[in-house]
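*Asks:* There's a structure below that I have some questions on.
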Amino acid sequence: MAEAMEVDDCQYNTAAARDTGKGKASAVPTSHGKSYDLPWVEKYRPTLIKDIVGNTEAVSRLQIISEEGNMPHFILSGPPGTGKTTSILCLAHALLGPQYKAAVLELNASDERGIDVVRNTIKMFAQKKATLPPGRHKLVILDEADSMTSGAQQALRRTMEIYSNTTRFALACNQSSKIIEPIQSRCAVVRYSRLSDQELLARVLEICRFEKVAYVDDGLEAIVFTADGDMRQALNNLQATVSGFGLVNSENVFRVCDQPHPLMVHKMVGLCLEAKLDEAWGCMRALCDMGFSAIDIITTLFRIVRNFTMHEFLKLEYIREVGFCHIRISDGVNSRLQLSGLLAKLCKITLKSKA
Ligand SMILES: Nc1ncnc2c1ncn2[C@@H]1O[C@H](COP(=O)(O)OP(=O)(O)O)[C@@H](O)[C@H]1O
Ligand SMILES: [Mg+2]
């Protein structure tokens, strides 16, 4: 499985890439495999747009902008750990290169971004003179823009327009709906979605090779499963497993991530499909006794059912029941009775479909 992935044509600024003479200059130290290294999420943060994994269409648009300049205002929205911040930084470096320091104003949620900052800092930056090549503009990066108050966003509207011949804005956020409409309408909205399992796997595998990590295939599968499309989480879990246990196998990964083992949940769903309620409840009780909370179990259960090979009708019915149970648990009814009730319902659905 692992060998089939096409990872060789990607190229990252890592020690190994530089050894082969392919990588470009990077500030990352070369000593790899040592525990005092940078966190891997930072060490392997892509510095070129073409190295960003996944969301190919959106990334190729950014690539074209970086080559042609004249960047529009844009909003990059999507779930965490999919490369939004990385993409904007890559784009800024590609566009402005050596002038990055003078021509980019970067503000994220940890900086103050109230109305005053918009009125003063951002406005002053927009008025500042900078000598840039033709087709290039100063750039204001507002990372995690959905945490800006609507007052601050309102104050931004006019600034964006007045100075747009010299200054462009790039916003990143998790939910574009939290950006007020007038700003959305001034921007091109680019959406990122969760990365696919293959994309995660290819990247994780590559980093395993660079870091000379000892792994087995089911360990990498576990990393991908627990990450659920979030590259940051995949890399963090990988590094945590390596520094905690050395070997990356599924047991160690689930110990680090503290999630119910999917195999066990898988078995439980299988038993429900045979309407063996008592045995299914045995699995569930074991999970509860291990200390997993109802919400952990139901989340994993949902993802297992979603990917389970079973009759489509049954699957939809199962998902429906799991969904209802999830709602009740979220409302605070997280007793074992709920979970056993769920299993009974799943078994009932099976029996009904056979009748
Ligand atoms: N598409 C991606 N390709 C390669 N690495 C990624 C990607 N997305 C995230 N990463 C990794 O996860 C880390 C965090 O990514 P970041 O861009 O900060 O995510 P966010 O979308 O939450 O802003 C990066 O340092 C990088 O190592
Ligand atoms: Mg970010």
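*Asks:* Could you give every pair whose Cβ atoms fall below 6 Å, whose first residue belongs to region 98-110 and is in contact (Cβ under 8 Å) with a residue 12 or more places away in the chain, and whose second residue is of a type in the set (Val, Ile, Thr), counting only separations of at least 6 or pairs across chains?
*Replies:* Leu105/Val140; Glu106/Ile141
*Asks:* Can I ask one more? Taking Glu57 as meeting all but one of (1) open to solvent by 20 Å² or more (accessible area, probe 1.4 Å); (2) closer than 23 Å to Ala227 by Cβ; (3) within 12 Å of ligand 2 (Cβ to nearest atom), write down the number of the exception.
*Replies:* (3)
*Asks:* Another one. Residue by residue through region 215-246, note down the ones that are more than 16 Å from ligand 2 (Cβ to nearest atom), in a loop (DSSP other than H, G, I, E, B) and either at pLDDT below 90 or of a type outside the set (A, V, I, L, M, F, W, C) (or both).
*Replies:* Asp228, Gly246 - these are the residues of region 215-246 that are more than 16 Å from ligand 2 (Cβ to nearest atom), in a loop (DSSP other than H, G, I, E, B) and either at pLDDT below 90 or of a type outside the set (A, V, I, L, M, F, W, C) (or both).
*Asks:* If you don't mind, another one. Would you mind finding the one in Glu321, Glu312 that is of a type in the set (Asp, Glu), exposed (fewer than 15 other Cβ atoms within 10 Å of the Cβ) and within 22 Å of Lys352 (Cα to Cα)?
*Replies:* Numbers: Glu321 fails: exposed (fewer than 15 other Cβ atoms within 10 Å of the Cβ).
Glu312 is the lone residue from the list that is of a type in the set (Asp, Glu), exposed (fewer than 15 other Cβ atoms within 10 Å of the Cβ) and within 22 Å of Lys352 (Cα to Cα).
*Asks:* Every residue in region 193-214 that is assigned to a helix (DSSP H, G or I) and of a type in the set (S, T, N, Q), please. If you could, list the steps in order and put the result at the bottom.
*Replies:* Initially, region 193-214 is screened for residues assigned to a helix (DSSP H, G or I), giving 197-210.
If the condition is that a residue be assigned to a helix (DSSP H, G or I) and of a type in the set (S, T, N, Q), then Gln198 is the only one that fits.
*Asks:* If the Cβ limit is 6 Å and pairs must be 6+ apart or interchain, which residue in region 251-270 that is on the phi < 0 side of the Ramachandran plot pairs with which residue that is open to solvent by 20 Å² or more (accessible area, probe 1.4 Å) and part of a loop (DSSP other than H, G, I, E, B)?
*Replies:* Phe254/His261; Pro260/Phe292; Val269/Phe308
*Asks:* Across region 247-258, what is the total count of residues that are out of contact with any His (no Cβ under 6 Å at 6 or more places or on another chain) and part of a helix (DSSP H, G or I)?
*Replies:* Kept after step one, since they are out of contact with any His (no Cβ under 6 Å at 6 or more places or on another chain), are these residues of region 247-258: 247-253, 255-258.
Checking the rest, the ones that are also part of a helix (DSSP H, G or I) come to 250-253, 255-257.
Looking only at that region, the number is 7.
*Asks:* Would you call Gln233 open to solvent by 60 Å² or more (accessible area, probe 1.4 Å) and closer than 20 Å to Asn307 by Cα?
*Replies:* Details: open to solvent by 60 Å² or more (accessible area, probe 1.4 Å): yes; closer than 20 Å to Asn307 by Cα: no.
Here the answer is no, as Gln233 does not meet what is asked.
*Asks:* For the list (1) touching a Ser or Thr at 6+ places or on another chain (Cβ under 8 Å); (2) open to solvent by 10 Å² or more (accessible area, probe 1.4 Å); (3) modelled with pLDDT under 90; (4) not polar (S, T, N, Q), I need the number of the one condition that Met148 fails.
*Replies:* (1)
*Asks:* Being farther than 28 Å from Asn237 by Cα, among the aliphatic types (A, V, I, L, M) and open to solvent by 10 Å² or more (accessible area, probe 1.4 Å) is true for just one of Ala109, Ala155, Ala170, Ala126. Which residue is that? Before you say what the answer is, go through the steps one by one.
*Replies:* Values: Ala109 fails: farther than 28 Å from Asn237 by Cα; Ala170 fails: open to solvent by 10 Å² or more (accessible area, probe 1.4 Å); Ala126 fails: open to solvent by 10 Å² or more (accessible area, probe 1.4 Å).
The unique qualifying residue is Ala155.
*Asks:* Take the residues in region 62-102 that are away from ligand 2 (no atom under 14 Å from the Cβ) and hydroxyl-bearing (Ser, Thr, Tyr); name whichever of them is least open to solvent (accessible area, probe 1.4 Å).
*Replies:* In this case the residue turns out to be Ser66.
*Asks:* Go through region 173-184 residue by residue and tally those that are away from ligand 1 (no atom under 16 Å from the Cβ), farther than 28 Å from Gly97 by Cα, open to solvent by less than 70 Å² (accessible area, probe 1.4 Å) and within 26 Å of the chain's Cα centre (by Cα).
*Replies:* 1
*Asks:* Suppose we keep only residues that are over 22 Å from the mean Cα position of the chain (by Cα) and surrounded by 16 or more Cβ atoms within 10 Å (Cβ to Cβ) within region 185-212. Which one would you say is nearest to Glu144 (Cα to Cα)? Give the derivation first.
*Replies:* Filtering region 185-212 for residues over 22 Å from the mean Cα position of the chain (by Cα) gives 185-187, 212.
Narrowing the set further to residues that are surrounded by 16 or more Cβ atoms within 10 Å (Cβ to Cβ) leaves 186-187.
On the way: Arg186: 18, Cys187: 16 Å.
The extreme case among them is Cys187.
*Asks:* May I pose another question? Within 24 Å of the chain's Cα centre (by Cα) and under 19 Å from Leu351 (Cβ atoms): is that true of Val322 in this structure?
*Replies:* Numbers: within 24 Å of the chain's Cα centre (by Cα): no; under 19 Å from Leu351 (Cβ atoms): yes.
In short, no.
The values are calculated or read from the model by the stated rules, or taken from the named source; none is laboratory data. This structure is a prediction, so every number in the text was calculated from the model and none was measured. Note that each Cβ is placed from the backbone with ideal geometry, even for glycine, and that neighbours are counted across all protein chains shown. The accessibility values were calculated without ligands, DNA or RNA, using every heavy atom of the protein model including side chains. Shrake-Rupley method; radii C 1.70, N 1.55, O 1.52, S 1.80 Å.
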